[in-house]
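Nothing in this text is a laboratory measurement; each read-out follows from the coordinates by a stated rule. Here the structure is a predicted model, which means the values were calculated and not measured. For neighbour counting, all protein chains shown are included, and Cβ atoms are generated from backbone atoms with ideal geometry for every residue, glycine included.
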């Protein structure tokens, strides 16, 4: 079976992106007592201020989205959203692999991300994928854990 392509999001994806962000992150609301940051950003804000990549899903919805921001010395994975029906299929890992490939193509040797300290499953997954915790900070009353992965260019 051919996996749907990861493609750059366009303005036509705005409504589907917003719906995906809500589906993917709503499960965290009871845990932290508020909407996670990716739910607070409107799709228009994401498309205007970040680099957004998407994977089309079934029934005109998006299966996943990756939001990136380029920094001076690394690529930041700002958000990885996977539709709940697609979680556990490897799509999240595929999106992170794509982010790492993008970083290498741009000459970066590091990818960074951050997650809520209470999202222990995410922290374990990121650690399993080679991301190390590099620090933490309090942001808008929430504890964020910063993580980074060193990348090695392949010959």
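The listed residues are 47, 68, and the only one of them that is closer than 17 Å to residue 7 by Cα and within 13 Å of the chain's Cα centre (by Cα) turns out to be 68.
How many of the residues in segment 96-121 are in contact (Cβ under 8 Å) with a residue 60 or more places away in the chain and either under 23 Å from residue 53 (Cα atoms) or under 15 Å from the mean Cα position of the chain (by Cα) (or both)? Count: 3.
Taken residue by residue, segment 122-131 has at least one member that is over 20 Å from residue 39 (Cβ atoms), without any contact (Cβ under 8 Å) to a residue 24 or more places away in the chain and surrounded by 14 or more Cβ atoms within 10 Å (Cβ to Cβ). Residues in segment 118-139 that are touching a helix residue (DSSP H, G or I) at 6+ places or on another chain (Cβ under 8 Å) and part of a loop (DSSP other than H, G, I, E, B) were compared, and the one that is nearest to residue 103 (Cα to Cα) is 129.
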